[in-house]
1. For the range 10-29, does any single residue satisfy the condition of being modelled with pLDDT of 95 or more and open to solvent by 50 Å² or more (accessible area, probe 1.4 Å)?
2. When you scan the range 41-51, do you find a residue that is part of a helix (DSSP H, G or I), more than 12 Å from the chain's Cα centre (by Cα) and loosely packed, with under 11 Cβ neighbours inside 10 Å, even just one?
3. Just wondering, is there one or more residues in the range 36-52 that are without any contact (Cβ under 8 Å) to a residue 24 or more places away in the chain and touching a Lys or Arg at 6+ places or on another chain (Cβ under 7 Å)?
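The values are calculated or read from the model by the stated rules, or taken from the named source; none is laboratory data. Remember, predicted model here, so these are calculated numbers, not experimental data. Ideal geometry is used to build each Cβ from the backbone, glycine not excepted, and the neighbour counts take in all protein chains shown. Note: areas computed on protein heavy atoms with side chains; ligands, DNA, RNA excluded. Shrake-Rupley method; radii C 1.70, N 1.55, O 1.52, S 1.80 Å.
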Amino acid sequence: MSGSAFRSGVECSYPLPHAGPDARLSDSLINSVAAVLVGYGFPRLAAPDRAALETALAAFLYNSQESNT
């Protein structure tokens, strides 16, 4: 899907190729995204929610390893 046209001929920037662990997908990033959600009136995240948020962000940011083979 990376680089495919979505609307108005604009190419998508995500998902990125996934070449292994990425230090940018950190607890700090998860905390920042969680804080933004709370700032918009969503409930605070519980521990299982944090794990789900990390999984969702990884799915958005990176190509799955299965699709790279």
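1. Scanning the range 10-29 turns up at least one residue that is modelled with pLDDT of 95 or more and open to solvent by 50 Å² or more (accessible area, probe 1.4 Å).
2. Yes; the residues of the range 41-51 include at least one that is part of a helix (DSSP H, G or I), more than 12 Å from the chain's Cα centre (by Cα) and loosely packed, with under 11 Cβ neighbours inside 10 Å.
3. Yes, there is a match, as at least one residue in the range 36-52 is without any contact (Cβ under 8 Å) to a residue 24 or more places away in the chain and touching a Lys or Arg at 6+ places or on another chain (Cβ under 7 Å).
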